[in-house]
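Following this message is one structure expressed as structure tokens.
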Amino acid sequence: MKAIRFHEYGGPDVLRFEDDVPEPALAPDAILVAVEAASVNPIDWKVRSGTRQKDFPLRLPAIPGRDVSGVVRAVGSDVGMFAVGDRVIALAKATYAELVAMPAALATRLPEGLDPIDAAALPLAVLTGDQLVRLSAGAQAGQTVLVSGALGSVGRAAVHAAKRLGARVIAGVRGRQVAEAAELGAAGTVALDDEDAIRRLGPIDAVADTVGGDVAARLCASVRPGGRFGYASVLPEGTIERHPDVTVTRVFAQPDPQTLRAFAEDARDGRFAIPVSQRLPLEEAAEAQRRMEAGGAGKIVLLMRPDALATTP
Ligand SMILES: NC(=O)c1ccc[n+]([C@@H]2O[C@H](COP(=O)([O-])OP(=O)(O)OC[C@H]3O[C@@H](n4cnc5c(N)ncnc54)[C@H](OP(=O)(O)O)[C@@H]3O)[C@@H](O)[C@H]2O)c1
């Protein structure tokens, strides 16, 4: 089958388009999915670079990718919940490929009416945003929850998750993005590069941080004593120790097909979106990762069939 693989860690150039990669085996509890689209996530290039070998040990050569939207091509002997031809989305592994095998229990049906290419943007970002808000930040109805990086993929999902819970959401974005952030429908917006504006917010019940670094360290200081700080990225050393009165918890996204399906339905119904900013053919995965790594690229989706590019906006 066709797939993108890397045989060594390194820059985007280690990604190779190959057309003779062995097809994945189908276990009795698994489905084999013919991939229509797979989105690019920051973890894809972080893993490829080799800097995350401790958290994500891999056997090389490896196929990158976590998100998949596609059509069931075959079902394992124990699978009753899907049939050949069903359209599915899932948080999976090795998705920059023509075919992906995964336990059937990890997949969910694509809601009718949702574009399968737009759906490829959802799995990892949605599940991270949801688990970041509910489990790491422990957000509750009525609380004030600040989501940083709110216009990013995980940030948008976190804003939606917090609104679904009934929290009062403050969207934290770059100063130049404040006007654009109005589209998120949050109760308030704050420029994360304006330290005074952050101080003026007053003590916050919970933060769902998707930016990390110095921004995260500043936001941790704005959480009220007894409040919670959930984060998806990396904190500067000493942040947790400096705030012993705040519960600081990192998210590690786990598959949750039911929640994925609920967010996909909300996307179909226009209540939530992770806009796809660029569509590229699978062959251009290296360029896609290069653009994402440079920042400000938005959500990039890789397409298996070049004719699907004809619909690129
Ligand atoms: N632990 C997990 O399970 C898990 C799962 C998924 C993702 N993650 C991590 O979560 C992070 C976000 O992922 P993502 O997919 O949402 O990426 P993304 O779509 O690129 O979103 C990041 C957002 O943060 C904004 N941003 C970056 N630096 C900022 C700053 N200094 N001030 C204000 N805003 C800033 C970006 O704005 P610009 O576009 O303008 O730069 C962008 O809107 C990544 O570090 C990723 O690795 C963790």
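We did not get these values from a lab; they are worked out from the coordinates using the rules stated. As the structure is a computational prediction, the values presented were derived from the model and not from experiment. For neighbour counting, all protein chains shown are included, and Cβ atoms are generated from backbone atoms with ideal geometry for every residue, glycine included.
Under a point-charge model restricted to the Cβ atoms of Lys and Arg (+1) and Asp and Glu (-1), what is the dipole moment magnitude of the chain relative to its Cα centre, in debye to the nearest 20?
680
For every helix of n ≥ 4 consecutive DSSP H residues, a contribution of -39,500 (n - 2.57) applies; sum these over the chain, divide by its total residues, and give [θ] at 222 nm rounded to the nearest 500 deg cm²/dmol.
After summing the helix terms and dividing by the residues of the chain, the value is -6500 deg cm²/dmol.
Restricting the count to DSSP beta bridges whose residues both fall in the chain, what percent are antiparallel, rounded to a multiple of 5?
50
For Leu110, what residues show an amide H to amide H distance below 5 Å, using hydrogens built from the backbone and excluding near sequence neighbours?
Those qualifying (amide H under 5 Å, at least 5 residues apart or on another chain) are Arg87, Val88, Ile89.
Then there is this: What list do you get for Lys299, Lys46 if you sort them by fewest beta carbons within 10 Å?
By the 10 Å Cβ count, ascending, the order reads Lys46, Lys299.
I've got another one for you. Taking 8 Å as the Cα distance limit and 6 or more residues as the minimum spacing, I'd like the relative contact order of the chain as a percentage.
The value is 19 percent.
Put +1 on the Cβ of every Lys and Arg and -1 on every Asp and Glu Cβ in region 125-250; which of Gly202, Ala139, Gly155 then has its Cα farthest towards the positive end of the dipole?
Farthest towards the positive pole: Ala139.
What is region 60-114 by shape, rounded, prolate or oblate, if you read a ≥ b ≥ c off the alpha carbon gyration tensor as root eigenvalues and call it rounded for a/c under 1.5, prolate for a/b larger than b/c, and oblate otherwise?
oblate
While we're here: For a quick check: sort Arg218, Arg59 by the number of other beta carbons within 10 angstrom, fewest at the front.
Arg59, Arg218
Per residue, how big is the convex hull of the chain when only Cα atoms are used? Give it in Å³.
For the chain, the hull spanned by Cα atoms encloses 131 Å³ per residue.
Out of Val133, Val33, Val251, any idea which swings most in a Gaussian network model of the chain, alpha carbons joined below 10 Å?
Val251
Toward the positive end of the charge dipole of the chain, about the Cα centre and with charges on Cβ (Lys, Arg +1; Asp, Glu -1), which of Ala97, Leu58, Val173 goes farthest?
Among Ala97, Leu58, Val173, the one farthest towards the positive end of the dipole of the chain is Val173.
If you plug each phi of region 158-166 into the Karplus form 6.51 cos²θ - 1.76 cosθ + 1.60 with θ = phi - 60°, what whole-Hz ³J(HN,Hα) values come out, in order, with x for Gly and Pro?
5, 4, 5, 4, 5, 5, 4, 6, x
Still on this structure: Hey, can you grab everything whose amide H is under 5 Å from the amide H of Val248? Only 5+ residues off in sequence or another chain; H modelled, so Pro and N-termini drop out.
Those lying under 5 Å, H to H, from Val248 are Phe229.
If you don't mind, another one. Neighbour counts of other C-beta atoms within 10 Å: give me Ile31, Ile198 arranged from fewest to most.
Ile198, Ile31
Determine which residues of region 179-200 fall in the zone a paramagnetic label at Arg218 would reach in this model, i.e. backbone nitrogen under 11 Å from the point 7 Å along Cα→Cβ.
The answer is 191-200.
Here is a follow-up. Determine the dipole magnitude for region 125-250: charges of +1 sit on the beta-carbon of Lys and Arg, -1 on that of Asp and Glu, nothing else is charged, the reference point is the Cα centre, and the result goes in debye to the nearest 20.
Computed about the Cα centre, the dipole is about 360 debye.
Under 1.5 on a/c is rounded, so check that first for region 125-250, then, if it is not, pick prolate when a/b is larger than b/c and oblate when it is not; a ≥ b ≥ c are the square roots of the alpha carbon gyration tensor eigenvalues.
Here region 125-250 falls in the rounded category.
Could you give me the ³J(HN,Hα) list for region 23-40, computed from phi with Karplus coefficients 6.51, -1.76, 1.60 and θ = phi - 60°, whole Hz, x at Gly and Pro?
5, x, 6, 9, 7, x, 9, 10, 10, 10, 10, 7, 6, 9, 8, 9, 8, 9
Continuing with the same structure: Which whole-Hz ³J(HN,Hα) couplings does region 127-144 yield from phi under the Karplus relation 6.51 cos²θ - 1.76 cosθ + 1.60, θ = phi - 60°, glycine and proline marked x?
The phi angles translate into 5, 5, x, 5, 6, 4, 6, 6, 9, 7, 7, x, 5, 10, 3, x, 7, 8 Hz.
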